[in-house]
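Asks: I have a structure here, written as structure tokens, and I will follow up with some questions on it.
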Amino acid sequence: MSHNPEHAVIIGALRTPRGRGNAKGALVGVKPVDLLAAPLMALKDRHGLTGPLAEAAFGCVTQTAGQGANIGKLALIAAGYEDAVLGLTVNRFCASGLSALRIAALAAVAEDGLAIAGGVESMSQVPMASDKGPLTHDRDFQASAGLIPIGIAADAVATLEGFTRADLDAYAVESQARATRARFASLVPVGGLEADETPRPGTTVERLAGMEPAFAEMGEKWGIDAMLAKRLGLPGIEHGHHAGNSPAMADGASAVLVASAAAAARAGLKPRARILATAEVSVDRVMALTGAVDASRAALEKCGLTADDIDLFEVNESFAGLMLHYLRHMGIGAERLNVNGGAIALGHAMGSTGTALLGTALDELEARGARRALVSACGAAGLASAIVIERIG
């Protein structure tokens, strides 16, 4: 039996609406365990899941406080799954959800069964970096390892590529416009929230132009700008990213049901798509967020396709400059990328994002009658993941 995750099929994909990841967000009062339990419960009910699964893997980045102690397994308990169902929580930074999906798909094929992948992040209850890990709280380690804040890395990439502040803001405005027009099919209400509250309708370039760069002071004060400029052969770093063209913090959870083709048939479940390829990469840890390109290329190569063979790209919007970088280096047009908006408008519930993007891509393929989609996300320290799927039917 082949143990490639590429032979798995996707049965269903659900997510909660995204709440704003701060004290004023609609989901601030929903515990992370209950947030993840919502799509898990809906997945179980819709597909009649009973008995053990081959695996249940979940992404979560800030695994402390309400998101600590293997939140994935605890959410399965809260959702009423049997004790025999396994539970695993993984952290590959912002690529965690896609990594969890690969783990689940591998297990489904290896065990010839069903498996669940998903993710959760409540950034209102468990703020980013509240786990106080070395990536964010150990300056000596950061300096010795050459790790820098990802916002400054995004500014460095934009500077290197020649993207102006106007370019970044124009991308962000388009993301907001697309998200405002979007209608998402696979939402599971939670905490009284029935639709994403993160988009900001009416966002304009003029409004964004008045926002101060978020990372300029840090880059100068810590000497990071000077180090990067020397490393990259630049006269300086142009700081163009701010809260309006960066990924918005969010609360949210998502879940995906995968299976081997034979297991789906035995259970009477109709596959919606097949996994053609997955890829996990690690790239330059300093520039960090360019890895979505490398992961996407690796996944395409594994299944013998090119970017021209892909109808839709769903890529986590890790800063506007990185999306312009993705468009340029993948050689694709904006009409195929994040057609319903991305994390700049919709929010980035970090551990959930990968599997949430998978569901969005699958829904859009079906709505358009299109064939293939590529989903990718990159994270800190150069980590990135990608998956290519093909609609069935």
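Derivation of every value follows stated rules applied to the coordinates shown; laboratory data play no part. Given the structure is predicted, the values throughout are model-derived calculations rather than measurements. Cβ atoms come from the backbone with ideal geometry, glycine included; neighbour counts cover every protein chain shown.
Asks: Computed over the Cα atoms of the stretch 217-367, what is the convex hull's projected area averaged over all directions, in nm²?
Replies: 11.2 nm²
Asks: Shifting gears a bit: Counting DSSP beta bridges in the chain, what percent are antiparallel, to the nearest 5?
Replies: Values: 37 of 53 bridges.
Antiparallel: roughly 70 percent of the beta bridges in the chain.
Asks: Turning to a different aspect of this structure: Report, to the nearest 10°, how far helix 96-111 tilts away from the longest principal axis of the Cα atoms in the chain, using its own Cα long axis and a range of 0 to 90°.
Replies: The answer is roughly 30 degrees.
Asks: As an exercise, use a Förster radius of 30 Å and the Cβ-Cβ distance of GLU194 and ALA265 to find the FRET efficiency, rounded to the nearest 0.05. Don't skip to the answer; put the middle values down first.
Replies: On the way: r = 34 Å, r/R0 = 1.14.
The value I calculate is 0.30.
Asks: If one computes the Cα centroid of the stretch 365-393 and of the stretch 222-279, what distance in Å separates the two points?
Replies: First find each Cα centre; the distance between them is then 10 Å.
Asks: Pull up all non-local amide H partners of LEU114: gap of 5 or more, or a different chain, and H-to-H distance under 5 Å with H placed in the peptide plane.
Replies: ALA54
Asks: Counting Lys and Arg as +1 and Asp and Glu as -1, each charge on the Cβ, what is the dipole of the stretch 269-336 about the Cα centre in debye, to the nearest 20?
Replies: Values: 8 positive and 10 negative charges, 47 e Å.
Around 220 debye, computed over the stretch 269-336.
Asks: Residue by residue through the stretch 345-356, what is 3J(HN,Hα) from phi via Karplus (6.51 cos²θ - 1.76 cosθ + 1.60, θ = phi - 60°)? Round to whole Hz and write x for glycine and proline.
Replies: Here the 3J(HN,Hα) series is 9, 8, x, 10, 7, 2, x, 8, 4, x, 6, 5 Hz.
Asks: Could you let me know the centre-to-centre spacing of the stretch 285-358 and the stretch 60-90, using Cα atoms, in angstrom?
Replies: What the calculation gives is 28 Å, centre to centre.
Asks: Whole-Hz ³J(HN,Hα) for each residue in the stretch 146-158, computed from phi via Karplus 6.51 cos²θ - 1.76 cosθ + 1.60 with θ = phi - 60°, x for glycine and proline: what do you get?
Replies: Computed from phi, the couplings for the stretch 146-158 are x, 8, 10, x, 5, x, 5, 4, 5, 5, 5, 4, 4 Hz.
Asks: Residue farthest toward the positive end of the dipole of the chain, with Cβ of Lys/Arg at +1 and Asp/Glu at -1: which of ALA153, ALA195, ALA229?
Replies: In the chain, that residue is ALA195.
Asks: If each residue's Cβ is checked for other Cβ atoms within 10 Å, how do THR62, THR136, THR16 rank with the fewest at the top? Working shown, then result.
Replies: Working: THR62 24, THR136 15, THR16 29.
Fewest to most other Cβ atoms nearby, the residues stand as THR136, THR62, THR16.
Asks: Using the Kirkwood radius over C-alpha pairs as Rh, can you work out the diffusion coefficient of the stretch 313-379 via Stokes-Einstein at 25 °C, viscosity 0.890 mPa s, in µm² per second?
Replies: The diffusion coefficient I find is 202 µm²/s.
Asks: Can you list the lysines whose alpha carbon is less than 16 Å from that of LYS31, not counting same-chain residues fewer than 8 positions off?
Replies: LYS73
Asks: A further question follows. What's the whole-number percent of alpha carbon pairs in the stretch 15-70 lying beyond 12 angstrom?
Replies: Numbers: 1150 of 1540 pairs.
Cα-Cα pairs in the stretch 15-70 separated by more than 12 Å: 75 percent.
Asks: Further, regarding this structure: Output ³J(HN,Hα) for the stretch 365-373: one whole-Hz value per residue in order, computed from phi by the Karplus curve 6.51 cos²θ - 1.76 cosθ + 1.60 with θ = phi - 60°, and x for Gly and Pro.
Replies: 4, 5, 5, 8, x, 8, 9, 10, 9
Asks: Moving on. Skipping prolines and chain starts, which residues have an amide H placed within reach, meaning under 5 Å, of the one on ALA253, given they are 5 or more residues away or on another chain?
Replies: So ALA253 has HN proximity to THR16.
Asks: Relative to the longest principal axis of the chain, what angle (0 to 90°, nearest 10) does the C-alpha long axis of helix 291-302 take?
Replies: Relative to the chain, helix 291-302 is tipped by roughly 40 degrees.
Asks: Next question. Between ALA226 and SER130, what is the FRET efficiency for a Förster distance of 30 Å, r being their Cβ-Cβ separation, to the nearest 0.05? Please list the in-between numbers first.
Replies: On the way: r = 30 Å, r/R0 = 1.00.
Computed FRET efficiency for ALA226 and SER130 comes out at 0.50.
Asks: Could I ask something else about it? So what is the calculated 222 nm ellipticity per residue for the chain, using -39500 (n - 2.57) for each DSSP H run with n of 4 or more, over all residues, to the nearest 500 deg cm²/dmol? Kindly include the intermediate steps, with their values, before the conclusion.
Replies: On the way: 15 runs with 149 residues, N = 393.
Theoretical 222 nm ellipticity from helices: -11000 deg cm²/dmol.
Asks: OK, next. Can you list the residues, at least 5 places off or on another chain, whose amide H is less than 5 Å from the amide H of VAL90, using H built in the peptide plane?
Replies: PHE58, GLY59, CYS60
Asks: For ASP284 and THR50, what does the FRET efficiency come to when R0 = 35 Å and r is the distance between their Cβ atoms, rounded to the nearest 0.05? Present the calculation step by step, with values, prior to reporting the outcome.
Replies: Working: r = 46 Å, r/R0 = 1.32.
Efficiency computed from Cβ-Cβ geometry: 0.15.
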